[in-house]
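Notes follow the structure.
The values are calculated or read from the model by the stated rules, or taken from the named source; none is laboratory data. Bear in mind that the values here come from a model prediction, so they are computed numbers and not experimental data. All Cβ positions, even for glycine, are placed from backbone atoms using ideal geometry, and neighbour counts span all protein chains on display. Each accessible area value is taken on the protein alone, full model and side chains, heavy atoms only, with ligands, DNA and RNA left out. Shrake-Rupley method; radii C 1.70, N 1.55, O 1.52, S 1.80 Å.
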Amino acid sequence: MTPNQYTPEEPISSIATALSPAALGIVRVSGKNCIELVSKVFSRPKALLEAKGNSLVYGWIENSADEKIDEVMLGVYRAPKSFTGEDMVEIYCHGGPAVVTAIQNLMLKSGFRQANRGEYTFRAYINGKTDLTKAEAVKEIIDSHTDVSRSHAAGRLSGELFNQIDSIKKLIIDTLAAIEVEIEYPEDEETIADTFDRADIETAITKLQNLVDSWKGEKLYQDGARVVLAGKTNAGKSSLFNAILKEERAIVSDIEGTTRDWLESWASINGIPVRLFDTAGLRQTSDIIEAKGVELSKNLANDADLVLYLVDSTAGLSDDDKEFVCHCKEPLIIVFNKADKTDEMQKNKNSSTINEFLQKTKINQTPVAFICAKNGDGLKELFEKMSKILTSGLSTEREQAGLGSARQKESVQEALNCTKHALVSADDNYTLDAVVQDLEDALDALGEVTGDVTPDDVLGSIFANFCVGK
């Protein structure tokens, strides 16, 4: 949706819940006269028309032939105290797909238009009920894969990011006001760098830099990391895959080559969402299908954010294992599995062998873990090593929400560049008008983050990715 496609207050309707059997389904409508339109197909029209905002009305949805479609509760919201800022009705019906679809089709026949993707949130934005940081956070919460990613998005939805941006804008505006006074009432005609207090601008620069630095960490929690389980056949990749997911997703067998294709699933590693890949065992084989799986495994490993290379503790580190580790260009953890099947002598031998190998090849920064995927021993320590690598160099521990999208990061980066240049202009003895221009450009960039200044194509990109009912 963009402003050019938007018809103010036009009544819209959509299904707001998944079309699958459930206890409850919701059809949401919004816009001018939407309450009156729903009353025409409701068994108690007077009760609905007289209902106060934020109230519930019980009755039946009926078609033009007075045929009952479903017993419902109507949630009534009156402007401006609604999500969209317009009159709204939410129809709470039984969750069968046929029932929900029938009610939606009846709404479309009764004068409503099918809502576009994200149109409800779009209307909330243009009616001043939300800003773009909160609007984007709605989708982030829907798409979140872990409690941590949900928590970060909830922080933005509650206004934490907006408040941070607003505080930075105030610092810049206060500085602009001081400069404007100096321009209007100069004590002399010379341009002096100390005409305004630099402290506010330096504080703004620090805050902007912190926000820019937050994006990589936030991106990790939104998009997740690709973690590939690699290793020779029977090293225990599928067992570890199942142990991390806490369910039997992959077939586990002593027969070599059981896993011929890769399996994929989302998992949470200390709050970090990861796309976990269980791959075919690496070995030479004459089986065409298995050979293809081995090739796919190598390709997945080459495109991973982290590779967990599993080694059978009972067999020890082989030449093939050493070759893979030496040639792997991605971050890697060597995982000795089946630790429960080895005695103390074998464990010491494995430790000595791997340490000697890593020192000899000068890749002794590679972490090593000893686990038993079958009973879960060592998994906690493995997860700690994984999260340390995945968050290395990232700003992930924050008291307030960081940036939630690449769009926000680009705008804040532009504001940071402009604010820094303002100080350079002052230090180089440029006219105060040049400093003013830099600071005004910074405000415009920050306005794009919250939606005060936003091109139509940016709005279209944001709301086009929402679901229809939101």
Original post:
Name the pairs: first residue in the range 93-122 and touching a residue at least 12 places away in the same chain (Cβ under 8 Å), second residue part of a helix (DSSP H, G or I), Cβ to Cβ under 6 Å, at least 6 apart or on different chains?
Top reply: C93/V99; C93/I103; S110/L37; G111/L37; G118/F463; T121/A135; T121/V138; F122/F463
Original post:
Inside the range 418-470, can you point out the residues that are surrounded by fewer than 19 Cβ atoms within 10 Å (Cβ to Cβ), charged (D, E, K, R) and either closer than 30 Å to F83 by Cα or modelled with pLDDT under 85 (or both)?
Top reply: D427, D428, D433, D444, D452, D456, D457
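Anything in the range 126-139 that is in contact with a helix residue (DSSP H, G or I) (Cβ under 9 Å, 6 or more places away or on another chain) and either buried (at least 23 other Cβ atoms within 10 Å of the Cβ) or free of Cβ contacts under 8 Å to residues at least 60 places away in the same chain (or both)? List them, or say none.
From the range 126-139, those in contact with a helix residue (DSSP H, G or I) (Cβ under 9 Å, 6 or more places away or on another chain) are 126, 129-139; that's our starting set.
Residues satisfying the conditions are K129, T130, L132, T133, K134, A135, E136, A137.
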Original post:
If you check every pair at least six apart or on different chains, which have Cβ atoms under 9 Å apart with a residue in the range 356-369 that is under 16 Å from S318 (Cβ atoms) and open to solvent by less than 100 Å² (accessible area, probe 1.4 Å) first and a residue that is aromatic (F, W, Y) and at pLDDT 75 or above second?
Top reply: V368/F336
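If we only count helices (runs of 4 or more DSSP H) wholly inside the range 341-437, which ones have 2 or more residues that are within 30 Å of S144 (Cβ to Cβ) and within 26 Å of the chain's Cα centre (by Cα)? Even if it seems obvious, please write down each step before you answer.
Working: elements: 344-360, 379-390, 406-427.
Here the list reads 379-390, 406-427.
Going by what's in this entry, would S64 be described as open to solvent by 80 Å² or more (accessible area, probe 1.4 Å) and assigned to a loop (DSSP other than H, G, I, E, B)?
Here the answer is yes, as S64 does meet what is asked.
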**OP:** List the number of the failed condition for I183; all other conditions in (1) exposed (fewer than 15 other Cβ atoms within 10 Å of the Cβ); (2) of a type in the set (V, I, T); (3) modelled with pLDDT of 90 or more hold.
**Re:** (3)
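Which residue out of V27, V89, V100 is assigned to a helix (DSSP H, G or I), within 30 Å of the chain's Cα centre (by Cα) and at pLDDT 95 or above?
Details: V27 fails: assigned to a helix (DSSP H, G or I); V89 fails: assigned to a helix (DSSP H, G or I).
Step by step, each of V27, V89, V100 is checked, and only V100 is assigned to a helix (DSSP H, G or I), within 30 Å of the chain's Cα centre (by Cα) and at pLDDT 95 or above.
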Original post:
So G85 clears everything in (1) in contact with a strand residue (DSSP E or B) (Cβ under 7 Å, 6 or more places away or on another chain); (2) in contact (Cβ under 8 Å) with a residue 24 or more places away in the chain; (3) not acidic (D, E) except one condition, right? Which one?
Top reply: (1)
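Of all residues in the range 315-348, count the ones that are open to solvent by 70 Å² or more (accessible area, probe 1.4 Å), in contact (Cβ under 8 Å) with a residue 24 or more places away in the chain and more than 18 Å from G378 (Cα to Cα).
Going through the range 315-348, the residues open to solvent by 70 Å² or more (accessible area, probe 1.4 Å) turn out to be 315, 319-320, 323, 327, 329, 340-341, 343-345, 347-348.
Subsequent filtering for residues that are in contact (Cβ under 8 Å) with a residue 24 or more places away in the chain retains 320, 329, 340-341, 347.
Filter again for more than 18 Å from G378 (Cα to Cα), leaving 320, 329.
Adding up the residues that qualify gives 2.
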Original post:
For A51, which of the numbered conditions (1) open to solvent by 30 Å² or more (accessible area, probe 1.4 Å); (2) under 25 Å from T121 (Cα atoms); (3) assigned to a loop (DSSP other than H, G, I, E, B) fails to hold?
Top reply: (1)
Original post:
Do we find that E90 is farther than 18 Å from P11 by Cα and open to solvent by 10 Å² or more (accessible area, probe 1.4 Å) in this structure?
Top reply: no
